[in-house]
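Engineer: Have a look at the structure that comes next, please.
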């Protein structure tokens, strides 16, 4: 059976496992005060071309989103996001559980634009009753988005400027950041991205680690109390070194970027194969999530030998589906899938 | 200057003022444990044709909505509402501040339908990732809606059945309940409404009282701990008798219904006058809020002698506006307005 | 029957009732944007000797405490208070419901001292695990306290300095402020108090109004978004002028101070009578709450003709009790009570 | 350098590492829907002698405490705990951040007794103002406590009965459960403990795992919605199998109990050595945390070669300290420590 359901199905990159072995009997202090965490922090800052930024590590994305958003917003503020945003749909109300509304903007491809933000802000402040409404206090985007799409440098710069103009921070959910940066269509670097937002995170869970997200706060005055905040949100890992050492491995010798590239190569090969066989794209994604519209007959046939997600409810004749590659997907897996569709 | 901005611009019905005078030097126990509150409770239950229901009093609508919704929902649940719902737009995130998401359904006239609910519930549970999503835990509607529209008995019965089928309670925000029930187009009674939902409230603030909303819990097992809940939400009035005596006055000799009728009569006279002069309706409202689309020229002219709300941002040539009547609006005020538009 | 249970048992001062009558048919805009509220704000600032402060009005104390505390604290912070503080005991967890811990200090007479604060802060930061603990983010005191006691100017100055040194704001709950300032033992003025804290409120509910607390923010940078905050906490009264006009009356011709003085005079007469008859004080209170330890026999006898509170559970032979006077207590009432104990 | 600071300083038991290696390239579905998690659940239920209980896995203790407590309590309720409880002191207000008060009872050795609970409940309901207070909605204890002490079967049975009588659930924080059960003074089994509470967890982080706590819900009606709750609290691990396989290893061949026993043996050897040399116990702990009162001179000398925690601020002459052993502590380490104190 082949598996393309998601990018969190395997364990971790073997070098991470090796590092766990090597360091297993060492005794270190807890909660991220160890040398591995310090090392990872240093490597990440270098990779981002940053000096005065702060780096913290948490276990998962939902936890990270809720902690960062709750930490940044004032009580009367909400977070602006695309209606398809992960925080709006698939985090079980974790942001609202901290007391904040997700203020949604309708999106067609998972992306927000500078003009979306400008218009939202302008409309809000033009409304005479805006003091009875939830004030937009920050903007959340994901890179890549939940639909696999990415922002160009120009789009991200404009978004950054729109946020600056509105005097609200820009937060980038990078749960799949590696796969965005490794895309052939991506014209920005990690440094560009770091420069164009106030806080973002580098996803490990879906990109080679067992778990872990590295939060980079490029504007540290925004979140000066991360340790108690993370603790309060239940996200301060006791054996914090486990996060540090995984990111130390991933950011040594560009491993993070290399394994991200593999996922992209496999995804592009898959995409080309589907297109060549005449199947339609549901979204034209340049990253590791591929969305096709397939005849139900083919879906049924494929399902006997491969797992993947229906993207929404089954339709009468053909249905959108999602296939996901990851850092560990092999050429063999893709070839086997292609054989199945022939 | 004439004022049609809203229905909370005057003080209270004179009989309420008289009652305040008469009772001023009495000493009663606090927090709603007094005889006036007991009396109001009894009168309201009678007016609703209910025996085993509970009645509580709070000062304002936002407070009431947040307390009831927070009290009913489990932690992982949200409240389903129209996108135009007061709780979704004009309560500064009070529901989210208690940790719960407002789950919105697109609406054109402020109303939700049974099929909206059925579809929302069906789509939710058909989604394989629904355990990562906010579970719909109750339905909120307003009667009349924020756009002045009302539900027919048949529509409300179907909504009630849809909620029963989904096993979630139906909550009716009745901040303007009197004006809905007094409408000529309304085919339901207070008893019907009480029978067709699990909890609702009878608005006093906008209908003759200085302030106050009477919460009627027809399904008391839903909210067995209202006193500590109200206290925790900052909504348990120390001099609780002030709420009791206002509702005692309003529910004596049908005063609530009579003064509601006045607002409707004045609104219908106003509506007729605008229509006769060729002005378009923005929404065809049978209650005390009237929405027209007026030429900007007329808006400017009227504004010199009357206050009313632009309904959204000013448009190039003509703009939607809202005129509101209330329990105290006089025939003279309407006549003066009509003269202004001639 | 005589009533000394609490200071929120009567209606309001007759001048407030008169004002309600006079203004009843006026139409004003809502939510505190009216002229009465502006007038009250001006009078209060004058009475406080303040120029750049902000004044807002809310309906009740619990609501005010939760809104102010939630608005000031960062997410990871808590509020330091005496263990007997109203917010810690009798507000049904309203502060915790906003997500913040009440950090208590043991107190014997309801008061906190500067050395309490200094020690709390020093111990906290000396603790190596303090980043895993709730950071003290502000100090709450009540004036008078829940036990009727008041702070001297010297005590309050020291508290103020301790907070300044710790760089955390001082918030004073003045639900009974008038009764504190009117006490013969009080050596501070309203201006002194305003100068020695960052935010406080002037209680109306217990001092002559039907309801209402006037929040004075002497350090406005602390709470720059009160309107949405109050709305979100369900505490922005629609007919806001009701709050404004009550405080306008109370702060015209020193009415607030004069009626407060009456409560003190009556309380002192009562206290003297009990002492002269050999009864012990439970707390030596210089304000309108009087605490005695009475033989159960006397309690039973008095209870036939007067209501008052047992202060804690009934003890075998004698039990602490509380008698409360207010702005409207008459000499006759006190004389009748004294006859009862003879 | 020797390390006795805490029990989360090493990696994980080698068999867990081996399992990670073996399974690394397998692809499984996420969020605990995998076979390893199912296997662990089965083994744990067997070890507990339970059939109808539910088992869930989370990453850390603070997260687990907040999720369970928030999930069980109604809005107006709080959790009763010892003042020394981890949730009251060292979780940065995580419980309060969910909106609930921690209701503390003074404790001398970290334990609550049945009479503590009975008295708390009786006092609460005897208080006439209890509807303005936070209702006790559940009881939290830790086993072993934060001071290393454990409950006897008789004490735990009485606590269980007190909770049953008060009709509130009993929750046991078992972050160090293995070390409690392995203690020579412990007269209860895992089955006993499971039978005597409504929900508890088996700590992995401190007992052989990289991370992970296994929540056992013996009264499943209490927490019927754990998946969305865990997700909302940011505690549903994407690669859920990592939790499953660790606990599968720990509950195969009694590994959990065997490695717990090692920590106890080492702790007892250490304790005996200190006592024989005339040093005083700060608490007489039968588990893996040992508390001594040591002369500052000795503390300074030891600190050159070993790390451990001062238990509170340094005192003038002698200061309480904590030494912690764990599943991996070797006889050599203890012998080296003993040499240091000679």
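Computed from the coordinates by the stated procedures, all read-outs in this text should not be read as laboratory data. On a predicted model such as this, the values are computed, not experimentally measured, just so you know. We place every Cβ from the backbone using ideal geometry, glycine too, and count neighbours over all the protein chains shown.
Engineer: Only bridges with both residues in the protein assembly as shown count here: give the DSSP antiparallel percent, nearest 5.
Structural biologist: So the antiparallel bridges in the protein assembly as shown amount to around 60 percent.
Engineer: If you project the alpha carbons of the protein assembly as shown onto the principal axes, what extent comes out on each, in Å, largest first?
Structural biologist: The Cα atoms of the protein assembly as shown stretch 85, 84, 55 Å along the principal axes, largest first.
Engineer: With a ≥ b ≥ c taken as the square roots of the eigenvalues of the C-alpha gyration tensor of chain A, please select rounded if a/c is under 1.5 and otherwise prolate if a/b is larger than b/c or oblate if it is not?
Structural biologist: Oblate, because a/c is 1.5 or more while a/b does not exceed b/c.
Engineer: What is the Cα centroid distance between segment D:134-152 and segment B:6-22, reported in whole angstrom?
Structural biologist: Result: 54 Å between the Cα centres.
Engineer: Report, for chain B, the % of DSSP beta bridges that are antiparallel, rounded to 5.
Structural biologist: 60 percent
Engineer: Which distances, shortest first and in nm, link residue B:129 to the matching position in the other copies, using label points set 7 Å out along Cα to C-beta?
Structural biologist: So the label point of residue B:129 gives 3.4, 3.8, 5.0 nm to the other copies.
Engineer: What are the label-to-label distances in nm, one decimal and shortest first, from residue D:189 to the same spot in the other copies, with labels 7 Å along Cα to Cβ?
Structural biologist: So the label point of residue D:189 gives 6.4, 6.6, 7.8 nm to the other copies.
Engineer: Right, here's the next one. How far, in whole Å, is the nearest Cβ of chain C from the axis relating it by rotation to chain D, and which residue carries it?
Structural biologist: Chain C residue with minimal Cβ-axis distance: C:96, 2.
Engineer: With the crude spin-label approximation of a point 7 Å out along Cα→Cβ, what separation in nm comes out for residue D:83 versus residue C:52?
Structural biologist: Reported label-point gap for residue D:83 and residue C:52 is 4.2 nm.
Engineer: Starting from the Cα gyration tensor of segment A:256-341, take the square roots of the eigenvalues, sort them a ≥ b ≥ c, and report rounded, prolate or oblate (rounded when a/c is under 1.5, otherwise prolate if a/b is larger than b/c, else oblate). Let's see the in-between values first.
Structural biologist: Details: a/c = 1.93, a/b = 1.64, b/c = 1.18.
Prolate.
Engineer: Same structure again: Is segment B:61-146 best put as rounded, prolate or oblate by its Cα gyration tensor, with a ≥ b ≥ c the root eigenvalues, rounded for a/c under 1.5, and otherwise prolate when a/b is larger than b/c, oblate when not?
Structural biologist: Judged from the Cα gyration tensor, segment B:61-146 comes out oblate (a/c at least 1.5, b/c at or above a/b).
Engineer: Under a point spin-label approximation (7 Å from Cα along Cα-to-Cβ), what is the residue B:305-residue A:126 distance to one decimal in nm?
Structural biologist: Each label point is offset 7 Å from its Cα along the Cβ direction, giving 3.0 nm.
Engineer: Moving on. Using a label position 7 Å from Cα in the Cα→Cβ direction, what is the ascending list of nm distances from residue B:222 to the same site in the other copies?
Structural biologist: Copy-to-copy label distances at residue B:222, shortest first: 2.8, 4.0, 4.0 nm.
Engineer: Here is a follow-up. Output the relative contact order of chain B, whole-number percent, from Cα pairs under 8 angstrom with separation of 6+ residues.
Structural biologist: 25 percent
Engineer: As a test of the formula, what do you get for chain C when each DSSP H run with n ≥ 4 contributes -39,500 (n - 2.57) and the sum is divided by the residue count, at 222 nm and rounded to the nearest 500 deg cm²/dmol?
Structural biologist: My calculation for chain C gives -12000 deg cm²/dmol from helical runs alone.
Engineer: Now, a different point. How many nm is it between the label spots at residue C:38 and residue A:25, if each spot is 7 Å from the Cα in line with the beta carbon?
Structural biologist: 8.0 nm
Engineer: Now for a separate question. List A:31, A:36 from most exposed to least, where exposure is judged by having the fewest other Cβ atoms within 10 Å.
Structural biologist: A:31, A:36
Engineer: Could you work out how far the C-alpha centroid of segment B:163-187 sits from that of segment B:218-259, in angstrom?
Structural biologist: Going from one Cα centre to the other spans 18 Å.
Engineer: Still on this structure, please answer the following. Quick one: compute the contact order of segment B:131-290, relative version, from alpha carbon pairs under 8 angstrom and 6+ residues apart, as a percent.
Structural biologist: Numbers: 212 pairs, mean separation 40.1, N = 160.
This gives 25 percent for segment B:131-290.
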